[in-house]
Amino acid sequence: MLRGSCLCQGVAFEIDGALKDPLYCHCSMCQKAHGTAFRARAKVLAKEFRWSRGEELVRYYESSPGEYRGFCSVCGSSLISKFDVKPAVYGLALGVLDDDPQVRPLCHVFVGSKAPWFEITDSLPQHEALPPGAGKPREPHAGT
């Protein structure tokens, strides 16, 4: 089981399952939502995710049609993304995990929008968009 929480500790969750498709997203929306150069994220099955504390503190922002970014309304920590087209899968911000997820990001996506002040220095594959099977339930623009 994996545990995670927000900065103020008002929201906590547990995951009973493996994380899938870990990656670094460099889209401009992830930059804005996280206040940094990229978002480290993975997919988790909704049925394996449960709030253990503070679900009532979680608010959702519809960042794209049918895509919702969940965050703590007290401290602002970005937690999960939900998708109308695929409600059985969430996007999980790896930075809010309290435990080692035992997975590491496999690639960088949306590198065409990466922050100009950030240089990717690792040897992971870099993609202009999402490679097949690596991202959101649907494609185009921004990242998860």
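All of the numbers you see were taken from the coordinates with simple rules; none came from a lab. Since this is a predicted model, take the numbers as computed values, not measurements. Cβ: placed from backbone, ideal geometry, glycine included. Neighbour counts: every protein chain shown.
Before rounding to the nearest 500, sum -39500 (n - 2.57) across all DSSP H runs of length at least 4 in the chain and divide by the residue total; then give [θ] at 222 nm in deg cm²/dmol.
Counting only the DSSP helices, I get -1000 deg cm²/dmol.
For a Förster distance of 22 Å, can you work out the FRET efficiency between the beta-carbons of Leu124 and Asp99, rounded to the nearest 0.05?
In this case the efficiency is close to 0.45.
Given points 7 Å out from each Cα along the Cα-Cβ axis, report the Glu14 to Lys47 separation in nanometres with one decimal.
In this crude spin-label approximation the distance works out to 1.8 nm.
Sticking with the crude label model, points 7 Å out along Cα→Cβ, report the distance from Val85 to Arg3 in nm, one decimal please.
Between Val85 and Arg3, the simple spin-label model gives 3.7 nm.
Rounded to whole Å and sorted largest first, list the principal axis extents of the Cα atoms in segment 2-113.
38, 28, 27
Can you give the charge dipole size of the chain about its Cα centre, rounded to the nearest 20 debye, using +1 on the beta carbon of Lys and Arg and -1 on the beta carbon of Asp and Glu?
200
Can you give me the C-alpha center-to-center distance between segment 39-57 and segment 75-122, rounded to a whole angstrom?
13
Take the chain, connect every pair of alpha-carbon atoms lying under 10 Å apart with a spring to form a Gaussian network, then pick out the residue of His34, His108, His26 with the largest mean-square fluctuation.
His34
Given a Förster distance of 41 Å, report the FRET efficiency between Ala115 and Ser73 from their Cβ-Cβ distance, rounded to the nearest 0.05.
The computed FRET efficiency comes out at 0.95.
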